[in-house]
Amino acid sequence: MKPFLFVTDLDHTLVGNDKALVELNEILNQHRQEYGTKIVYATGRSPVLYRELQVEKNLIEPDALVCSVGTEIYLDNGDTPDAGWSDILSPGWNREIVFSVAKSFPELAPQPDSEQRPLKVSFFLKEEFADKILPQIETKLQKYGLNIKLIYSSGIDLDIVPRSSDKGQAMQFLRQKWKFAAEQTVVCGDSGNDIALFAVGHERGIIVGNARPELLKWHTQYPADYRYLAQGYCAGGILEGLKYFGFL
Ligand code: GLC
Ligand code: MG
């Protein structure tokens, strides 16, 4: 067995199937101890909401935590985001302008304060308005010459972040730092903000069986033999995929 880099989204991917999670946690912990496998969580949550989930679901300590849709990377359980990563993201970002432009759209309702981060501004946007409003927000923000990107997930969450930021690019930053080949890296997800994990390169991908329509639609449009669509839900689907790719 060889070490691998395991990168997973949390809500409805790692978390959501308690029985399978217990089994997966045990296997991952053992793999880490015996072979040096590394565990990374890549979540849309802020560190505050991440801690709540970690306690509630008894999540094992990761080797790195990617929070706020890729805009913050925490290494070795530290509480200061990696400065090298923040420096890469900051040019062309201005959260005040982003926030005030977004606020001018009545369809957008701000998410709680804990989810407004230095490099991420987040709103709720109902699915019925999304197709019409998203291009309008983008056009308006482009006028200010900002380097931004919109990420829409789960038919409700809108994140506005620096263009060079997403879960996929954060994952690659760690992969290169720790020198894992793409073939020895596996990424897992269920919704829109995970597309970047699957799309950025040729890492092995596991789409859990309960994936959201936006991710399934993308997967149908861009199929790849290094990506596996599991039947099992959440951690159950991850276990299935890890066996499929021969990581276990
Ligand atoms: C998490 C975050 C939220 C974000 C969503 C999608 O729920 O708390 O701010 O919009 O993930 O990325
Ligand atoms: Mg999710």
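The values are calculated or read from the model by the stated rules, or taken from the named source; none is laboratory data. Nothing here was measured: the structure is a model prediction, and the numbers come from that model. Don't worry about glycine lacking a Cβ; one is built from the backbone with ideal geometry, like all the others, and counts go over all protein chains shown. To get the accessible areas, we keep the full protein, side chains included, count just its heavy atoms, and leave off ligands, DNA and RNA. Shrake-Rupley method; radii C 1.70, N 1.55, O 1.52, S 1.80 Å.
Tally Lys/Arg at +1 and Asp/Glu at -1 over every other residue whose Cβ is under 10 Å from the Cβ of Asn77; what's the total?
In short, -4.
A cut-off of 5 Å between modelled amide H atoms, ignoring neighbours fewer than 5 places along the same chain, links Gly205 with Val187, Arg227, Tyr228. Taking trypsin sites (Lys or Arg not before Pro) as exposed when their DSSP state is a loop state and no more than 12 other Cβ atoms lie within 10 Å, the longest site-free interval of the chain runs over 1-125. Solvent-accessible surface of the chain, averaged per residue with a 1.4 angstrom probe and all protein chains in place: 45 square angstrom. Based on a Kirkwood Rh over C-alpha pairs, give the Stokes-Einstein translational diffusion coefficient of region 150-203 at 37 °C and viscosity 0.692 mPa s in µm²/s. Diffusion coefficient, whole number: 278 µm²/s. Kirkwood Rh over alpha-carbon pairs of the chain, then Stokes-Einstein at 37 °C and 0.692 mPa s: what D in µm² s⁻¹, rounded to an integer? Answer from the Stokes-Einstein relation: 180 µm²/s.
For region 126-166, the set of chymotrypsin sites (Phe, Trp or Tyr not before Pro) satisfying both a DSSP loop assignment and a count of at most 16 other C-beta atoms within 10 Å is given as Tyr144. Distance from the Cα centroid of region 24-55 to that of region 186-226 is 20 Å (rounded to whole angstrom).
The largest-to-smallest principal axis extents of the Cα set in region 92-162 are 30, 27, 18 Å.
Across the options Phe99, Ser86, Thr71, the greatest Cα extent toward the positive end of the charge dipole of region 61-105 (unit charges at beta carbon of Lys, Arg, Asp, Glu) belongs to Phe99. Rounded to a whole number, what % of the accessible area of the chain do carbon and sulfur atoms account for, probe 1.4 Å? Of all accessible area on the chain, carbon and sulfur atoms account for 51 percent.
Note on region 92-162: with charges restricted to the Cβ of Lys and Arg (+1) and Asp and Glu (-1), its dipole about the Cα centre is near 300 debye.
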